[in-house]
Amino acid sequence: MKSHLIITASLLISLLFSADILHAQIDREAGSIFSTRSEVIAERGMVATSQPLATQVGLQILRDGGNAIDAAIGANAAMGLMEPTGNGIGGDLFAIIWHQETEQLYALNASGRSPMGLSYDRLMEILEEMDRNSIPPYDLLSVSVPGAVDGWFEMHERFGSAEMKDILSEPIWYAENGFPVSEAISASWRRSASFLSGQPGAFEETFTIDGEGPEKGEIFRNPDLGNTFRLLAENGRDAFYRGEIAEKIDEWMRENDGYLRYEDFDNHHSDWVEPQTTNYRGYDVYQVGGNVQGTAVLQMLNILEGFDLEETGFGTAETLHLMIEAKKLAFEDRAKHYADPDFHEVPYDILLSKEYASERRELIGNR
């Protein structure tokens, strides 16, 4: 079964501010002045990540006969190893998948829920004791059930073709033998190491070299993660959610006053959901919806559709003003309405309507 994956963690409206943008040295013969790299063009397959070695992992899976889903899983596993500053099996997964054979778009919400033992009332009590009105981002209170691994196996069961042991073989090799850390990841890693080293757990032993984040080009290994990948390759998703890994996390959380328990892992599941969509100037744009902020992108597009951005011009003060204000309005709705769909019915019919966008658009004043 052939399948194609549209990887859209979020369709971002990004704003580039650079006084020297017009003077940037470019390495392409044609195209827009703000584009400094030539596009990559291919026919037999394509993988895109922020780490070249992870991209190679995905490409190798395609060369070996795997499909797009297999390549996405392998590349994602490699990213958790190679860019732990922004990825990892302790996090969540969201995917939008176009399946060519059935000509249908699928959306997967593989995010984890909060621990069953941490009720709202108990959370409020703890925050009051801490004299805080929000959850500290680097506290065990912020830890939810990891959903990424279940997301891998959900996608693989429905659309994958290669064996999971083959998909994870390259990430296992890199975890055990090491890889050279790339420049941008190294910079973020080294900044994070200074304050994460004091957190509970084995951060310093696992993620530093002599107490520091790895430097650019330094070889980094994570054999413990490689062992986890091996368990998943050999025993499937239950090795993570109903086996040794869940048991050890339960034990560690109890010892360190955390809230995740074995039962939280045992009860975890991902959800195939109806993707949310809007049409922007003739193009259908999709997001996962639910407890994901991608819906804000759709709202921003609806608001911006009422402005002539071609006339205001790329990167101008007027265009930036409109984009920023549209984002502020969408994020206001995000804070009020986006939530776990099991507990709150998100009013998509209103939020994504062109009529509502017109009302919100009227709130944007002149510069």
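For the chain, how many pairs of lysine residues have a Cα-Cα distance under 27 Å, where the two are 8 or more positions apart or belong to different chains?
So the count works out to 7.
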- Query: With all protein chains present, how much of the accessible area of the chain (probe radius 1.4 Å) comes from carbon and sulfur, to the nearest whole percent?
  - Reply: 49
- Message: Could you tell me what a quarter of the Cα convex hull surface of the stretch 309-355 works out to, in nm² with one decimal place?
- Response: 4.2
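Can you give the Kirkwood hydrodynamic radius for the stretch 54-205, in Å, rounded to one decimal and based on Cα pairs?
Numbers: mean 1/r = 0.0563 Å⁻¹.
Every distinct Cα pair counted, the radius reaches 17.8 Å.
Under the Kirkwood approximation applied to all pairs of distinct alpha-carbon atoms, what is the hydrodynamic radius of the stretch 125-263 in Å? Provide the component values of the computation, followed by the final result.
Working: mean 1/r = 0.0578 Å⁻¹.
Its Kirkwood hydrodynamic radius stands at 17.3 Å.
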- Query: Once you charge only the Cβ atoms, +1 for Lys and Arg and -1 for Asp and Glu, what is the size of the charge dipole of the chain about its Cα centre, to the nearest 20 debye?
  - Reply: 760
- Enclosed volume per residue, in Å³, of the convex hull spanned by Cα atoms of the stretch 42-137: 153
- Query: With every protein chain left in place, what is the accessible area per residue of the stretch 287-367 in square angstrom, probe 1.4 Å?
  - Reply: 55
- the stretch 183-291 - Rg and Dmax from Cα coordinates, angstrom: 19.4, 55
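Please list F94, F229 in order of solvent-accessible area, largest first, computed with a 1.4 Å probe with all protein chains present. Kindly include the intermediate steps, with their values, before the conclusion.
Values: F94 70, F229 0 Å².
Highest to lowest solvent-accessible surface, that is F94, F229.
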- Bins of 5 Å from zero: percent of alpha-carbon pairs in the stretch 163-235: 4, 17, 22, 20, 18, 12, 7, 1
- Message: With θ taken as phi - 60° and the coefficients 6.51, -1.76 and 1.60, list the Karplus ³J(HN,Hα) couplings across the stretch 231-243 in order, rounded to whole Hz; mark glycine and proline as x.
- Response: 4, 5, 5, 8, 10, x, 5, 5, 4, 8, 9, 9, x
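What number results when the radius of gyration of the stretch 271-325, computed over Cα atoms, is divided by 2.2 N^0.38 Å? It would help to have the intermediate numbers written out before the result.
Values: Rg = 13.2 Å, N = 55, 2.2 N^0.38 = 10.1 Å.
Rg over 2.2 N^0.38 Å, computed on Cα atoms: 1.31.
Compute for the stretch 146-188: radius of gyration divided by Kirkwood radius, i.e. Rg/Rh, restricted to C-alpha atoms, rounded to two decimals. Walk me through the numbers on the way to the answer.
Working: Rg = 14.0 Å, Rh = 12.6 Å.
Ratio value, two decimals: 1.11.
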- Name the long-range amide H neighbours of Y280: under 5 Å, sequence gap of 5 or more, or other chain; modelled H, no Pro or chain starts. V285
- Message: For M124, what accessible surface area do you get with a 1.4 Å probe? Give it in Å², rounded to 10.
- Response: 70
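Note down, for the stretch 265-367, the three equivalent ellipsoid semi-axes (square root of 5 times each alpha carbon gyration tensor eigenvalue), biggest first, whole angstrom.
Working: eigenvalues 168, 37, 30 Å².
Three semi-axes, in Å: 29, 14, 12.
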- Task: With a bin width of 10 angstrom, please list the P(r) values of the chain as percents of all Cα-Cα pairs, from the 0 bin to the one holding the largest distance.
- Result: 5, 19, 28, 29, 16, 3, 0
- Task: Set Lys and Arg Cβ to +1 and Asp and Glu Cβ to -1, take the dipole of the chain about its Cα centre, and tell me which of I126, A75, V273 lies farthest positive.
- Result: A75
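So if a site counts as exposed when it's one of the GluC sites (Glu not before Pro), its DSSP state isn't H, G, I, E or B, and it has at most 11 other Cβ atoms within 10 Å, what's the longest stretch of the chain without one?
On the way: sites that count: E29, E39, E43, E101, E103, E345, E362.
The reported range is 104-344.
The values are calculated or read from the model by the stated rules, or taken from the named source; none is laboratory data. Fair warning: this is a prediction, and the values are worked out from it, not measured in the lab. All Cβ positions, glycine included, derive from the backbone under ideal geometry; neighbour counts span all protein chains shown. With ligands, DNA and RNA removed, areas are computed over all heavy atoms of the protein, side chains included. Shrake-Rupley method; radii C 1.70, N 1.55, O 1.52, S 1.80 Å.
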